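The next block holds one structure in the form of C-alpha cells; read it before the comments.
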Amino acid sequence: MKIAVISDSHDNFANIETFLLWIKDNPVDLIIHCGDIASAEAVMQLANGFVGPLHFVYGNACFQEEIESKCKKIKNVFLHGKIGTLELDGKKFAFCHFPDLARDLAMENDYQVIFHGHTHKPWEEKLNDCLILNPGTLAGLYYPASFAIYDTMTGKRELKILSQLK
C-alpha cells in the first residue's frame, strides 16, 4: 500500500492542486495529512480530488470547529483530533502534528512508523526502533514545498519536491 503523507498545507490551494494532479498519474491508496490544513475548503479540495481515504490530524493553524462542522460527513474524510492511528499491512502507524508528540509516541514502543509536521522541514529519524518522518510543508513556507510517499510493504520512502515533479 502506498501512502501520501502531507503536512502544513496552510490553504495553499495551488500547491494542493499540483499535489492532486501528481497523484492522479502516480496512484496512492490513502493520504495522511499531519496538520495545519487550516480550513474546510482545503479539506474539501483534497476530498474532491482524491477518491481514497483521507486522514487528518489538527495542528496549531487549523480552524477545527469549522472543519468538523463542514467536513465530518464527507465519506472519505477521517478527522482524528491530535493523534491518528492506523494498522496497515501488519504495521502500526501514528500521525500527529508536533515533533515532541511524535517522539513521545515513539517511546511507547507501540508503533513502527510515526508521521508528523509542524517544523516545515523534511526530516526522518529512528527512535526506539520506530521511524519518525516529517514530509515537510506542502505550502512551501520556509522550505520548498514537499510531501512524502511511504510504501507499507517495503518501508521505502520518497521525498517529493513540488517544483521537481514530472
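The values are calculated or read from the model by the stated rules, or taken from the named source; none is laboratory data. Not measured: the values here are computed from a predicted model. So basically every Cβ, Gly included, is an ideal-geometry build from the backbone, and we count neighbours across all protein chains shown.
The number of residues in region 109-166 being surrounded by 16 or more Cβ atoms within 10 Å (Cβ to Cβ), under 16 Å from the mean Cα position of the chain (by Cα) and among the aromatic types (Phe, Trp, Tyr) comes to 3. A Cβ distance below 7 Å, combined with a sequence gap of six or more or placement on separate chains, defines the contacts here; from region 58-82, residues that are modelled with pLDDT under 90 reach residues that are aromatic (Phe, Trp, Tyr) in the pairs 64/58. Name the single residue that is farthest from residue 46 (Cα to Cα) among those in region 135-166 being touching a residue at least 12 places away in the same chain (Cβ under 8 Å) and among the basic types (Lys, Arg). Only one residue tops the list, namely 157. For region 31-46, a residue qualifies if it is closer than 22 Å to residue 99 by Cα and under 13 Å from the mean Cα position of the chain (by Cα), and the qualifying residues are 31, 32, 33, 34, 35, 36, 37.
Check region 48-55 and report whether any residue there is in contact with a helix residue (DSSP H, G or I) (Cβ under 7 Å, 6 or more places away or on another chain), crowded, with 16+ Cβ neighbours inside 10 Å and closer than 25 Å to residue 98 by Cα. Checked against the condition, which is being in contact with a helix residue (DSSP H, G or I) (Cβ under 7 Å, 6 or more places away or on another chain), crowded, with 16+ Cβ neighbours inside 10 Å and closer than 25 Å to residue 98 by Cα, region 48-55 yields at least one hit. Of the residues making up region 121-153, those that are over 14 Å from residue 28 (Cβ atoms) and among the polar types (S, T, N, Q) are 128, 134, 137, 146. For region 56-67, give me each residue that is hydrophobic (A, V, I, L, M, F, W, C) and surrounded by fewer than 18 Cβ atoms within 10 Å (Cβ to Cβ). The answer is 61, 63.
In region 84-108, of all residues being more than 16 Å from the chain's Cα centre (by Cα) and without any contact (Cβ under 8 Å) to a residue 12 or more places away in the chain, the one that is nearest to residue 43 (Cα to Cα) corresponds to 100.
Taking every residue in region 30-49 that is free of Cβ contacts under 8 Å to residues at least 12 places away in the same chain and pairing it with any residue that is part of a loop (DSSP other than H, G, I, E, B), at least 6 positions away or on another chain, yields no pair with a Cβ-Cβ distance below 6 Å.
Scan region 86-98 and give yes if some residue there is of a type outside the set (Gly, Ala, Ser), closer than 13 Å to residue 37 by Cα and at pLDDT 95 or above, otherwise no. Taking every residue of region 86-98 in turn, at least one turns out to be of a type outside the set (Gly, Ala, Ser), closer than 13 Å to residue 37 by Cα and at pLDDT 95 or above.
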